[in-house]
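See below for the structure under consideration.
The values are calculated or read from the model by the stated rules, or taken from the named source; none is laboratory data. This one's a predicted model, so the numbers in the text were calculated from it and none came from an experiment. Quick reminder, even Gly has a Cβ in these numbers, built from the backbone with ideal geometry, and neighbours come from all protein chains shown.
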Amino acid sequence: MGNDRGSAGGRRRLYLAGGLVALGAALGVARYVVTRPQPPAGSPLPVDIAGLVPGKLLAIEWKGRAVWILRRSADEIAALAGYESELTDPQSLASLQPDACRNPHRSLRPEVFVAVGQCTHQGCPPQLKSGAGGRSEFLCPCHTSKFDLAGRVFRSGPAPANLVIPEYRFERESRLVIGEA
Ligand code: FES
């Protein structure tokens, strides 16, 4: 009888210890989510995009590096689906972007794409290559990494992550501010 009570108490302690381990693991996951790397910010730069037509890429310099602004056409937006299994990080879980841009377009508005124009492998500047049916892409000539028009990297190349998206906001319909959330 005494032994039964002793073993029941032991089981309770075991369950309690297991519960604490599970709670610790859950807190560990929450801490990881909160402390994930954040995209670059600072030195706000206003950019007028009124003259940016669909399919056109505007490159500006911000904080010593190229930032691209691409106005995607309706075909290009529609083409950003259906090949997620070919991508390294289709949900952008391990890539750098503002939280508001963690979506299939990786942008605040589907038609306007903003990204740092540096390959995430060794920093070379990828080039925009036009493709049929809106399937254009950014090709890095250094070691042939490819990114789609949302900056999502294909598994076929060595680049480990999607293109970085900086903080930005729309000041008005045709004016962006780069570096400000
Ligand atoms: S720097 Fe782009 S693939 Fe190596």
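Among the residues making up the range 74-107, those that are hydrophobic (A, V, I, L, M, F, W, C) and out of contact with any helix residue (DSSP H, G or I) (no Cβ under 9 Å at 6 or more places or on another chain) are A81, L87, L93, A94, L96, A100, C101. With respect to the conditions (1) closer than 24 Å to S43 by Cβ; (2) near the ligand (Cβ under 9 Å from one of its atoms); (3) in contact with a Ser or Thr (Cβ under 6 Å, 6 or more places away or on another chain), G179 falls short on a single one, namely (2).
Being closer than 22 Å to R102 by Cβ, crowded, with 17+ Cβ neighbours inside 10 Å, out of contact with any Cys (no Cβ under 7 Å at 6 or more places or on another chain) and modelled with pLDDT under 95 is a property that holds for P39. Of all residues in the range 87-105, those being exposed (fewer than 14 other Cβ atoms within 10 Å of the Cβ) and within 16 Å of the ligand (Cβ to nearest atom) number 0.
Within the range 106-130, track down each residue that is within 16 Å of the ligand (Cβ to nearest atom) and among the charged types (D, E, K, R). Listed by number, the list holds a single entry, K129.
Has the range 65-72 got any residue that is at pLDDT below 95 and not β-branched (V, I, T)? Yes - at least one qualifying residue is present in the range 65-72. Selection over the range 131-140 of residues that are within 14 Å of the ligand (Cβ to nearest atom) and out of contact with any His (no Cβ under 9 Å at 6 or more places or on another chain) gives a count of 3. Of all the residues in the range 143-179, those that are at pLDDT below 95 and farther than 20 Å from E111 by Cβ number 1.
So, P166, is that one within 13 Å of the ligand (Cβ to nearest atom) and either under 14 Å from the mean Cα position of the chain (by Cα) or assigned by TED's automatic domain parsing to the domain that holds A59 (or both) or not? It is false that P166 is within 13 Å of the ligand (Cβ to nearest atom) and either under 14 Å from the mean Cα position of the chain (by Cα) or assigned by TED's automatic domain parsing to the domain that holds A59 (or both).
S145 falls short on exactly one of the conditions (1) in contact with a His (Cβ under 7 Å, 6 or more places away or on another chain); (2) away from the ligand (no atom under 16 Å from the Cβ), and that condition is (2). Within the option set A115, A132, being within 18 Å of P90 (Cβ to Cβ) and among the hydrophobic types (A, V, I, L, M, F, W, C) holds for one residue only, A115.
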